[in-house]
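Everything on this sheet refers to the single structure shown next.
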2 protein chains.
Amino acid sequence: MKIFVIGSGNVATHLSCAMLKAGHTIVGVCGRNFGHTQELAKALNAKPFDNISQIPANADIYLISVSDDNIADVAAQMPDVEGVVAHTAGSVPMSALSRFSSHGVLYPLQSFSKSRKIDVSRVPFCIEGNNEQTAETLTTLARSLSNDVRPMTTAQRAQLHIAAVFANNFVNSMYAEAETILKNSDIPFDIMRELIAETASKAAELGPVTAQTGPARRGDSKVMSRQMQSLPDAELQKLYSFVSERIQGRYKPSRN
Amino acid sequence: MKIFVIGSGNVATHLSCAMLKAGHTIVGVCGRNFGHTQELAKALNAKPFDNISQIPANADIYLISVSDDNIADVAAQMPDVEGVVAHTAGSVPMSALSRFSSHGVLYPLQSFSKSRKIDVSRVPFCIEGNNEQTAETLTTLARSLSNDVRPMTTAQRAQLHIAAVFANNFVNSMYAEAETILKNSDIPFDIMRELIAETASKAAELGPVTAQTGPARRGDSKVMSRQMQSLPDAELQKLYSFVSERIQGRYKPSRN
């Protein structure tokens, strides 16, 4: 397929490289940061653009990979095009692109960073289209990139995005709390590497409710109060007690 | 070395199998649950015991792998022995074994489950001994099992154990919150697998403070308040706002 990419950030870069590798043609790249855009376009053997209103109308798919807040602006400034226009954002409704007759969403559920390689073929792609043909076109594109492609409504995607905040942002914040505690005792964070890996893979395999262990799961209030007391500050104690209560609530014996 | 194992649970099982594989002799196993004990002893080609006061005095090392609360009891009931007596608990002081002339701790930092294989050679072992020779004996044992062996005081180990609660128990609880949110929208939890794996390996490689992303890190209050409002209940909103504040606090511009 002939794809036009709007955006030159992490998601745009990872996806367009994967699309090129899958045999698609990237006809052009348009981005606000023209330095990044030229660099990316060069890597993709594509034409760089800096004015969104002047992009060509010859692509099968226009993929908008810009920050959530800028999707509406991009959509407003784009020329009328015949191809499918899709964004890649978790929390933006499909309707943000409703001025285009064929519009949809292709949301890859992964945290993309410049410095890290991602195996795109394992990334779940969540697809929505304003009609069956659009959904099919986006599904075909996604299937050429990944083995995990799923239909998903705007409402589901918004919830998935929040779930990802817990499983990614908040999980990482718990790692950061652990790091702070270790630093205070002169223990390097790398000691956590294997525990973190096992925790992740155990939850993925058994499901987190089965995988849960620890004093809160056991209802071991002696250990919990001792650990609370050895935390360095009141805010961390509050966090400890709040998360422990969430865990305990999950394993309360049901009252029959 | 000749090792006597006290306990027949997950840690006792994983460690004693690793010790056997490393060429040590398990001279006996003693546990409260005699069914488990016999089973484990058979697998180890060792003698099963059910009365702790009658265990033989011929071992080089007595490894106490029972629940934290039972370590004191086990220590009180054991006969006087010449060998090194060590427990494997994170949150129990070395001094719990002070009645033995050679005593210490061999704490493997990992979450062991019956159903999951663990590569013990990658597990960090934290060693403490009441004198240099004891520490050396336990270090030699640990080095025969793992490539990651570190000295650690009782005070450090207690903090490490709390850090592990954050990086394991609390991280898993965040996965469980994500699963609940997904369930409400009929999305299977397996969609999270790659994100969870990447989050874990990114934090381990870059450190969690560098790895952090998301609306709280960016200070994007518009997205945060929209996500808060779409959470199903007040407790989950409280958790969302509390963890978000912890993240924001970590990236506050310093006031110079």
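Please treat every number below as a calculation from the coordinates, not as lab data. No experiment lies behind these values; they were computed from the predicted model shown. Glycine gets a Cβ as well: all are built from the backbone with ideal geometry, and neighbour counts include every protein chain shown.
Exactly one residue among A:Ser244, A:Ser185, A:Ser173, A:Ser201 is buried (at least 20 other Cβ atoms within 10 Å of the Cβ), without any contact (Cβ under 8 Å) to a residue 40 or more places away in the chain, polar (S, T, N, Q) and closer than 25 Å to B:Leu206 by Cα, and that residue is A:Ser173. Residues that are facing chain B (nearest Cβ under 7 Å), under 19 Å from B:Met228 (Cβ atoms) and over 16 Å from the mean Cα position of the chain (by Cα) occur at least once in segment A:158-173. Of everything listed in (1) farther than 17 Å from A:Val27 by Cβ; (2) out of contact with any Leu (no Cβ under 7 Å at 6 or more places or on another chain); (3) away from chain B (no Cβ under 13 Å); (4) of a type in the set (A, V, I, L, M, F, W, C), the single unmet condition for A:Ile118 is (3).
Residues in segment A:143-163 that are more than 19 Å from B:Lys183 (Cα to Cα) and of a type in the set (Ser, Thr, Tyr): A:Ser144, A:Ser146. Would you point out the residue of segment B:122-149, among those that are farther than 28 Å from A:Lys202 by Cα and part of a strand (DSSP E or B), that is farthest from the chain's Cα centre (by Cα)? Checking each candidate, the answer is B:Gly129.
Of all residues in segment B:204-216, those that are crowded, with 18+ Cβ neighbours inside 10 Å, over 17 Å from B:Lys238 (Cα atoms) and in contact (Cβ under 8 Å) with a residue 12 or more places away in the chain total 3. Taking segment A:166-182 as the range and being touching a Gly at 6+ places or on another chain (Cβ under 9 Å) and either farther than 18 Å from A:Phe242 by Cα or not in a helix (DSSP H, G or I) (or both) as the test, the residues that pass are A:Asn168, A:Glu179. Selection within segment B:70-96: residues that are farther than 14 Å from B:Phe4 by Cβ and touching a His at 6+ places or on another chain (Cβ under 6 Å). The member of this set that is farthest from the other protein chains (Cβ to nearest Cβ) is B:Ile71. Cβ-Cβ contacts under 6 Å between residues 6 or more apart (or on different chains), taken from a first residue in segment B:226-238 that is facing chain A (nearest Cβ under 10 Å) and part of a helix (DSSP H, G or I) to a second residue that is among the β-branched types (Val, Ile, Thr) and surrounded by 15 or more Cβ atoms within 10 Å (Cβ to Cβ), are listed as B:Gln227/A:Ile162.
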